[in-house]
Amino acid sequence: MNPSTGSFNWRPYLRKTGFSAAPVSCFKHVALSNCWETVITNVRVEVRSPDCKTCCPPNSCCTYWLATVIKVQGYWGLLRYDGFDKITPHYLNVPDKWFNLCTEPHIHPIGWCSKNDHNLVPPKNIEPKIICWREFLMETMPGGFTLPLNFTFKMEDHLKNSIKKGMKLEVVDKNQISVVRPAVVTDVVGGRLHIKYAENDLKDEGFWCHERSPLIHPVGWAQIMGHTLYAEPKYARQSLKKTLYRTFDSNDATWDLFLPVYNPASDLKFKKGMKLEAIDPLNLSTICVATVTEVLRHNYLMIGIDGMMAANGSDWFCYHASSPCIFPVGFCASNDIKLTPPRGYKGDFAWSDYLKKTKAEAAPVGLFHREVPDHGFKEGMFLEAVDLMEPRLICVAYVTKVVGRLLKVHFDGWEEDYDQWCDCESPDLFPIGWCDAFSYRLEAPRIEAASYDEKKKKKPTMMKKRRRRWAKKPSSDDSPEVNVEPSKTVQKKDLPDISLLDLDESSLHSETGKTSVTKAGNTSETLKKRGRPPKSKGKGKNSNTTNEKKEVTTKKSSGIKLDKTVPLEKTTPVSTETACAKKLTYEEDPLPGSSTTKTKIRKRRNAYKTPAIIEVDDSSSSFDDS
């Protein structure tokens, strides 16, 4: 099935005065971002003549004429056929036409017709108006610019992604964001990966993310960083061994395929219990009071949202210390951004009072990576953005606020509850025309399609799915109660600092220890739903169901030692059961306490906000823009 079927067409927006799209150069992860500045105003091209009304194959008998790109919006360019501006009165609309410069098969650099035995023929509308076309071309051609000869090939080269279909990697569990699971890439579209978990659950539809997303990691990442891993014990052992020995399989996503993270040379380090401000991973329109709940290896942190943390830590999220999604105390106040206080906090929130009350320390400002690149984004610029709560959807959106490198993205036609805070280098933002270039469906603004909600009636696929699946029927106050089952976590200790450099076989030795993982059964514990409702009106299929995990006990009988000890888990056979391999520590941990809360799902407002745009009558155009 062609995923672009029914995709939104940008032409109605492009024809409006006041419309502005983010330049391609703003998106470092997309095709041609480093050379798009060469495709600028006044670039000359050879394009199919407006006299050709039917779509012909590129090597057929189509006639061509010269045109100039007079305006660029994302991957789209506004073309004006040479000569029309000479014969059309200034008070009439010149019949210009918008094309996607990356997908239109009949746009070529100057000289293409000569090399491929095609004729340059003036359109019939203007042919009688200019006496000598040869002289006209000789006057207008010199000093112009055209597309690079390898323009098409550069787009094709970008299709060669570093992560391929069929590769194995580790990815955040969409149902419990505090753990990662082994997964397999099932499809790749323009750098976007469709991922399914390795357990081959037939009910799991998988989800989409970009190959530069912080949600995915190489094989062995969880064991090296000390992050919770939900996998079979055999995978836990093998993934660590592969990383230490560099003995990866051909279909393993290796460490060199992922961008290195920024690790500043500083004595300052995050500590457990430090307070900061962070984007809520389950409600991306809010920045909340947060706490460092755990410090992993190599500057990775587990962050929890104050007042909303599950008792078992199942909604903690892993950020690197250099992540643009965490901020020092006072960031929101200094940038006129609303800070969401802990749930139940009474009165006006003040950091000074809160730190005293909680006897906590604010994370030093020097720990945060706050370099602001010259990204080029401005308020009101349109783009194509992934709905990170339903990442299969890419939607029409625009920027409503710019704070340094932080962008607030609004989905056109949807309420502010659906907004997302994004970094300026987020791989989930694309220039307009990207979906068209890679045949991926672009969702229309809700106001643009009467049956828009019906088209999106699929169950949620990302992290908010866990919030919906335990929803009960609304109570008397119309507030659905959400039940979340707690899962057992293994008590954590101070972790040794593992270096992945200079590993050799002589560094190995054995030692003993044990770890156990217990099941999570039915419980009355509930957790407030803080994520906004999905864009689909339909209820999830998994409502009023449970997700029982079976008890598995494993024993460890060997270990691996570098400069400091790194235990290697060894387990007894587990048949087809799966075990949750935690950081390799040796004590059993009692089940944490539980709590009960209620929540109300926010109702959508009917507000429709968009930058001021004035429509222009282009009915005088004599050409079909379909």
Test: residue in region 187-206 that is part of a strand (DSSP E or B), over 30 Å from Val39 (Cα atoms), touching a residue at least 40 places away in the same chain (Cβ under 8 Å) and touching a strand residue (DSSP E or B) at 6+ places or on another chain (Cβ under 6 Å): no
Asp96 being more than 25 Å from Ala397 (Cα to Cα), crowded, with 17+ Cβ neighbours inside 10 Å, in contact with a Leu (Cβ under 7 Å, 6 or more places away or on another chain) and modelled with pLDDT under 85: no
In region 185-195, residue nearest to Leu282 (Cα to Cα) [restricted to those that are β-branched (Val, Ile, Thr) and crowded, with 20+ Cβ neighbours inside 10 Å]: Ile195
Region 341-369: number of residues that are closer than 23 Å to Tyr262 by Cα and free of Cβ contacts under 8 Å to residues at least 40 places away in the same chain: 1
Qualifying residue in region 308-330 (condition: within 29 Å of Cys424 (Cβ to Cβ), touching a residue at least 40 places away in the same chain (Cβ under 8 Å), surrounded by 16 or more Cβ atoms within 10 Å (Cβ to Cβ) and out of contact with any strand residue (DSSP E or B) (no Cβ under 9 Å at 6 or more places or on another chain)): yes
Selection count where residues are assigned to a loop (DSSP other than H, G, I, E, B), among the β-branched types (Val, Ile, Thr) and modelled with pLDDT of 95 or more, scope region 402-461: 1
Residue in region 171-193 that is out of contact with any Gly (no Cβ under 9 Å at 6 or more places or on another chain), at negative phi and at pLDDT below 80 present: no
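Could you check, for region 275-282, whether at least one of its residues is closer than 30 Å to Glu416 by Cα and among the acidic types (Asp, Glu)?
Pass one, region 275-282, residues closer than 30 Å to Glu416 by Cα: 275-282.
Subsequent filtering for residues that are among the acidic types (Asp, Glu) retains 277, 280.
Looking for residues that are closer than 30 Å to Glu416 by Cα and among the acidic types (Asp, Glu), one finds at least one in region 275-282, hence yes.
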Residues being modelled with pLDDT of 95 or more and surrounded by 17 or more Cβ atoms within 10 Å (Cβ to Cβ) - total across region 361-374: 1
Condition met for Ile107 (modelled with pLDDT of 85 or more and crowded, with 21+ Cβ neighbours inside 10 Å): yes
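Of all residues in region 36-53, which are part of a loop (DSSP other than H, G, I, E, B), among the aliphatic types (A, V, I, L, M) and buried (at least 18 other Cβ atoms within 10 Å of the Cβ)?
Selection gives Val39 alone.
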Unique match (being aromatic (Phe, Trp, Tyr) and touching a Pro at 6+ places or on another chain (Cβ under 7 Å)) among Tyr235, Tyr262: Tyr235
Residue in region 265-278 that is assigned to a strand (DSSP E or B) and of a type in the set (A, V, I, L, M, F, W, C) present: yes
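With the condition kept exactly as written, say whether any residue in region 55-67 is aliphatic (A, V, I, L, M) and either modelled with pLDDT under 70 or buried (at least 17 other Cβ atoms within 10 Å of the Cβ) (or both).
Among the residues of region 55-67, at least one is aliphatic (A, V, I, L, M) and either modelled with pLDDT under 70 or buried (at least 17 other Cβ atoms within 10 Å of the Cβ) (or both), which makes the answer yes.
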Qualifying positions in region 232-260 - touching a residue at least 12 places away in the same chain (Cβ under 8 Å) and under 23 Å from Pro281 (Cα atoms): Phe258, Leu259
Within region 16-35, tally of residues that are over 23 Å from Val189 (Cα atoms) and surrounded by fewer than 18 Cβ atoms within 10 Å (Cβ to Cβ): 4
Any hit, region 245-267, residues being more than 18 Å from Gly166 (Cβ to Cβ), hydrophobic (A, V, I, L, M, F, W, C) and buried (at least 18 other Cβ atoms within 10 Å of the Cβ): no
Sole exception among (1) over 21 Å from Asp428 (Cβ atoms); (2) aliphatic (A, V, I, L, M); (3) touching a Pro at 6+ places or on another chain (Cβ under 7 Å); (4) buried (at least 19 other Cβ atoms within 10 Å of the Cβ) for Ile224, by number: (3)
Scan of region 228-261 for residues that are in contact with a strand residue (DSSP E or B) (Cβ under 6 Å, 6 or more places away or on another chain), closer than 22 Å to Val295 by Cβ and not in a helix (DSSP H, G or I), ordered by number: Leu229, Tyr230, Val261
Close pairs (9 angstrom Cβ cut-off, 6 or more residues apart or separate chains): acidic (Asp, Glu) in region 211-226, part of a loop (DSSP other than H, G, I, E, B) and modelled with pLDDT of 95 or more anywhere: Glu211/Pro427
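The values are calculated or read from the model by the stated rules, or taken from the named source; none is laboratory data. Given the structure is predicted, the values throughout are model-derived calculations rather than measurements. Glycine gets a Cβ as well: all are built from the backbone with ideal geometry, and neighbour counts include every protein chain shown.
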